[in-house]
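What follows is a set of notes on a single structure, which appears directly below.
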Protein chains: 2
Amino acid sequence: MVDTRFSVSIQIMMTLAAHTDELYSSDALAKVLKTNATFIRKLVTHLVDAKLISSYRGKGGGIKLARDSKEICLKEIYHAATGEKQLISVHKKPITKACAVSCCIGDVLDEIVDGIEESTQRFLSGKTLHDLMIKVK
Amino acid sequence: MVDTRFSVSIQIMMTLAAHTDELYSSDALAKVLKTNATFIRKLVTHLVDAKLISSYRGKGGGIKLARDSKEICLKEIYHAATGEKQLISVHKKPITKACAVSCCIGDVLDEIVDGIEESTQRFLSGKTLHDLMIKVK
């Protein structure tokens, strides 16, 4: 993964999990995370779309977790944050027809990348937001 | 992983595995892979350092696999190609002391990244270069 969308989304979700009794604004989150507010708003939109966060409009509105932290697994946050983008980049080069390896390298690499993605997602499925919150003192 | 060092290294190793009866030059590899020769030479140096490739100097010299493809696992290629660089970037931001999540986010993210790296490496340990060569027609 090239950027930090996943790790910042984790921090957003943890910050909301630490304050379930109040509504947060994206600006307040940006202040606590010391991160650009536009970037935070974009990630929050993805998390709302994924139904991990509920958004309440109007004066006094804001966002909060849509579910208990025990019912949110990290795989869901990963998907919301990264969309379809995969962890590993593979090179796409024109094929050298005379070379049997060159002719099949695309399929071989796709299979490796799929395997890495699957094992990553299996790991993230086994962890909940609550598991992370246990470490917050 | 930001770049394509791993996938290009896989193609280098597969190309050598398809031609175990001859010595290759980095220039010949660059031509088949249609990739920059300097980049190939850099990756080849890492693969030689990792003892996955043997290099023979002088006229008529070149490189070949150091071992049978059944005895080379993808985890070794991954390590040679990427060094210590991890798959996922995490954000490093100054801590907001008043926020308990902000104070521990570094440790929490490190643990997630370690888990993803471990599951990736477990997957790559279970695959050999020979497993990939079976797909070459």
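When the residues of the stretch B:1-19 are filtered to those that are assigned to a loop (DSSP other than H, G, I, E, B) and closer than 30 Å to B:Ile116 by Cα, the one that is nearest to the chain's Cα centre (by Cα) is B:Thr4. For the stretch A:68-89, does any single residue satisfy the condition of being aromatic (Phe, Trp, Tyr), farther than 18 Å from B:Lys135 by Cβ and surrounded by 19 or more Cβ atoms within 10 Å (Cβ to Cβ)? For the stretch A:68-89, residues aromatic (Phe, Trp, Tyr), farther than 18 Å from B:Lys135 by Cβ and surrounded by 19 or more Cβ atoms within 10 Å (Cβ to Cβ): present. Every listed requirement among (1) over 18 Å from B:Gly58 (Cα atoms); (2) out of contact with any helix residue (DSSP H, G or I) (no Cβ under 8 Å at 6 or more places or on another chain) is met by B:Ala28 save one, (1). Considering the stretch A:20-53, the residues that are surrounded by 15 or more Cβ atoms within 10 Å (Cβ to Cβ) and facing chain B (nearest Cβ under 9 Å) include one that is farthest from the chain's Cα centre (by Cα), namely A:Val32. At least 3 residues being in contact with a strand residue (DSSP E or B) (Cβ under 9 Å, 6 or more places away or on another chain) is the threshold, and among the helices (runs of 4 or more DSSP H) wholly inside the stretch B:20-125 those reaching it are B:26-33, B:37-49.
Scanning the stretch B:104-137 for residues that are free of Cβ contacts under 8 Å to residues at least 12 places away in the same chain, more than 24 Å from A:Arg5 (Cβ to Cβ) and within 8 Å of another protein chain (Cβ to nearest Cβ) yields a count of 3. Residues that are facing another protein chain (nearest Cβ under 7 Å) and of a type in the set (D, E, K, R) within the stretch B:87-103 comprise just one, B:Lys93. Kindly indicate whether any position in the stretch A:54-65 is facing chain B (nearest Cβ under 8 Å) and either on the phi < 0 side of the Ramachandran plot or exposed (fewer than 15 other Cβ atoms within 10 Å of the Cβ) (or both). No. The single condition from (1) over 30 Å from A:Ser7 (Cβ atoms); (2) exposed (fewer than 15 other Cβ atoms within 10 Å of the Cβ); (3) aliphatic (A, V, I, L, M) that B:Ala98 fails is (1).
Every number in this text was worked out from the coordinates using simple rules, so none of it is lab data. It should be emphasised that the depicted structure is a prediction, and the values quoted were computed from it without experimental measurement. Because the Cβ atoms are built from the backbone with ideal geometry, glycine has one as well, and the counts that use them run over all protein chains shown.
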